[in-house]
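Worksheet: the structure to be examined is printed underneath.
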Amino acid sequence: MTGESRTSALLPTFARVDLSFERGEGPWLFTPSGERYLDFAAGIAVNSLGHSHPHLVKALQEQAAKLWHVSNLYTIPDGEKLARRLVEATFADTVFFTNSGAEALECAIKTARKYHAANGHPERYRLVTFEGAFHGRTLATIAAGGQKKYLEGFGPKVEGFDQVPFGDHEALKAAIGPETAGILIEPVQGEGGVRAVPPQCLRGLRELCDEHGILLIFDEVQTGVGRSGKLFAHQRVGVTPDIMAVAKGIGGGFPLGACLATFEAGKGMTAGTHGTTYGGNPLAMAAGNAVLDVVLEPGFLDHVERMSLLMKQRLAEMKDKHPAVIAEIRGEGLLLGIRTKCVNTDLVAALRAEKLLSVGAGDNVVRLLPPLIIDEAIVADAMGRLDRACARIEAAQAAAAEGAA
Ligand SMILES: *Cc1c(COP(=O)(O)O)cnc(C)c1O
């Protein structure tokens, strides 16, 4: 709460809004005074099954009564099970569990470097990344993301990342040299403004990696686990990476991430080369397995695709109706972006005034990231709120024009 921010004991690294929630149910969040918000932020693409999903609640409650944590000194049967299921559903042969997206990326970066070291090429440690990327807030992942505002004041940038402009094929080719270990990319940039990499470019990246004997790494932390309408966004295109980082939606709200790799790409990661205390603990594995139970149910991803299509149609109508506010609709599945003609945070605030939660992104975009369990009625409700929020912005624009005249 902003009124209390000066007395807050929290490190003030977040620009929090004056709003808190007490409980959630499906796509709804409730404040302590009982006000209801439609949650199209979903904890930034985390609450993939909404709030208080009965299957997730049951799985965590049952696990909480049995065993929380044991350490990776021991075999964790539910971790074996979740890894097996992820392997069976993807390109991967092997999985490392983490607590967050940034840690999944750290594992991906280390795996790529170690692969070349195991092949006798320790000098191949550099990764090519893309402008507008976001890979996390650890020292290595801010270097990978390359955004000045996240790097400034934190000492020397971690070595080994070469950033090229988004969509610049020549710069990309020029950036690959004898020290390059691989290419790291989000199939759809999330924080960067819901910018999808065209399918032919993903195919081109695969070919380029094969040609140079380097590794293709996908950051599917935001796009993964059904968000794109497929289990993973790259599966739409049929291009497979060698390594992939996952988090956000995979735990449905429980802190969980994973780094997936082929046997070949993971071959340097032998016993003792990497570790984690919490990663893959029984509570997290119960959450992860419960999320997969639902997302892998026949028809679930078809439902996401249907809701995506409906949202895109309705958003296109909103764009036609509010041309002074909405410039463009972007995205895949239920990772949708509205590029605004106003200031994007003004639309986020106007939506919040209409009790619809959304998230800002780069490129003046507002992200709509609803839980994957929304239905037609929820879409209709959300569009009513968007319509009214746009009207608020238009009214403010008209008032400003009047004031200027
Ligand atoms: C959120 C995000 C991360 C970082 O995940 P954390 O859990 O915040 O560490 C990395 N990559 C992408 C694409 C993300 O959206």
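Evaluate the following for Leu260: is it within 30 Å of His69 (Cβ to Cβ) and in a strand (DSSP E or B)? Don't jump to the end; show me each part of the working.
On the way: within 30 Å of His69 (Cβ to Cβ): yes; in a strand (DSSP E or B): yes.
Yes, satisfied.
Name the single residue, out of those in the stretch 90-124 being in contact with an Asp or Glu (Cβ under 7 Å, 6 or more places away or on another chain) and over 18 Å from Gly275 (Cα atoms), that is farthest from the ligand (Cβ to nearest atom). Show your work before the answer.
To start, the set of residues in the stretch 90-124 that are in contact with an Asp or Glu (Cβ under 7 Å, 6 or more places away or on another chain) comprises 105, 123-124.
Applying the additional criterion that residues be over 18 Å from Gly275 (Cα atoms) yields 123-124.
Numbers: Glu123: 27, Arg124: 23 Å.
It comes out as Glu123.
Mind counting the residues in the stretch 229-250 that are outside any loop (DSSP other than H, G, I, E, B) and under 22 Å from Ser308 (Cβ atoms)? Before the answer, list the steps.
Residues of the stretch 229-250 that are outside any loop (DSSP other than H, G, I, E, B), as a first pass: 233-236, 243-246, 248-250.
Okay, now just the ones that are also under 22 Å from Ser308 (Cβ atoms), so 233-236, 244, 246, 248-250.
Matching residues across the stretch 229-250 total 9.
Specify which of the listed residues (Val95, Val128, Val70, Val57) is out of contact with any helix residue (DSSP H, G or I) (no Cβ under 8 Å at 6 or more places or on another chain) and of a type in the set (A, V, I, L, M).
Details: Val95 fails: out of contact with any helix residue (DSSP H, G or I) (no Cβ under 8 Å at 6 or more places or on another chain); Val128 fails: out of contact with any helix residue (DSSP H, G or I) (no Cβ under 8 Å at 6 or more places or on another chain); Val70 fails: out of contact with any helix residue (DSSP H, G or I) (no Cβ under 8 Å at 6 or more places or on another chain).
Of Val95, Val128, Val70, Val57, the one residue that is out of contact with any helix residue (DSSP H, G or I) (no Cβ under 8 Å at 6 or more places or on another chain) and of a type in the set (A, V, I, L, M) is Val57.
Between a first residue in the stretch 115-133 that is within 25 Å of His169 (Cβ to Cβ) and a second residue that is in a loop (DSSP other than H, G, I, E, B) and at pLDDT below 95, which pairs have beta carbons less than 7 Å apart while being 6 or more apart in sequence or on different chains?
Taking only residues 6 or more apart or on different chains, the pairs are Phe130/Phe166; Glu131/Phe166; Gly132/Phe166.
Any idea which of Leu216, Leu208, Leu296, Leu292 is touching a Leu at 6+ places or on another chain (Cβ under 9 Å) and within 16 Å of the ligand (Cβ to nearest atom)? I'd like the intermediate steps shown before the answer.
Values: Leu208 fails: within 16 Å of the ligand (Cβ to nearest atom); Leu296 fails: within 16 Å of the ligand (Cβ to nearest atom); Leu292 fails: within 16 Å of the ligand (Cβ to nearest atom).
Answer to the selection: Leu216.
I need the full set of residues from the stretch 339-374 which are in contact with a Pro (Cβ under 9 Å, 6 or more places away or on another chain) and more than 13 Å from Leu315 (Cβ to Cβ), in order please. Steps first, please.
Step one: of the stretch 339-374, the residues in contact with a Pro (Cβ under 9 Å, 6 or more places away or on another chain) are 341, 370-371, 373-374.
Hits for the stretch 339-374 are Lys341, Pro371, Ile373, Ile374.
Would you mind stating whether Gly155 is on the phi > 0 side of the Ramachandran plot and either within 14 Å of the ligand (Cβ to nearest atom) or not assigned by TED's automatic domain parsing to the domain that holds Phe232 (or both)? Spell out the reasoning first.
On the way: on the phi > 0 side of the Ramachandran plot: yes; either within 14 Å of the ligand (Cβ to nearest atom) or not assigned by TED's automatic domain parsing to the domain that holds Phe232 (or both): no.
In short, no.
Using beta carbons and a limit of 6 Å, which pairs, at least six apart or on different chains, have the first residue in the stretch 264-288 and assigned by TED's automatic domain parsing to the domain that holds Asp93 and the second one crowded, with 23+ Cβ neighbours inside 10 Å and part of a loop (DSSP other than H, G, I, E, B)?
Going by the 6 Å Cβ cut-off, the qualifying pairs are Ala265/Asp242; Ala284/Leu256; Gly288/Leu256.
Of the residues that make up the stretch 162-177, is at least one within 18 Å of Cys259 (Cβ to Cβ) and within 15 Å of the ligand (Cβ to nearest atom)?
Within the stretch 162-177, the first condition is being within 18 Å of Cys259 (Cβ to Cβ), and the residues that meet it are none.
Looking for residues that are within 18 Å of Cys259 (Cβ to Cβ) and within 15 Å of the ligand (Cβ to nearest atom), one finds none in the stretch 162-177, hence no.
The values are calculated or read from the model by the stated rules, or taken from the named source; none is laboratory data. All values reported here derive from a predicted model rather than from experimental measurement. Counting neighbours? That spans all protein chains shown, and the Cβs are built from the backbone with ideal geometry, glycine included.
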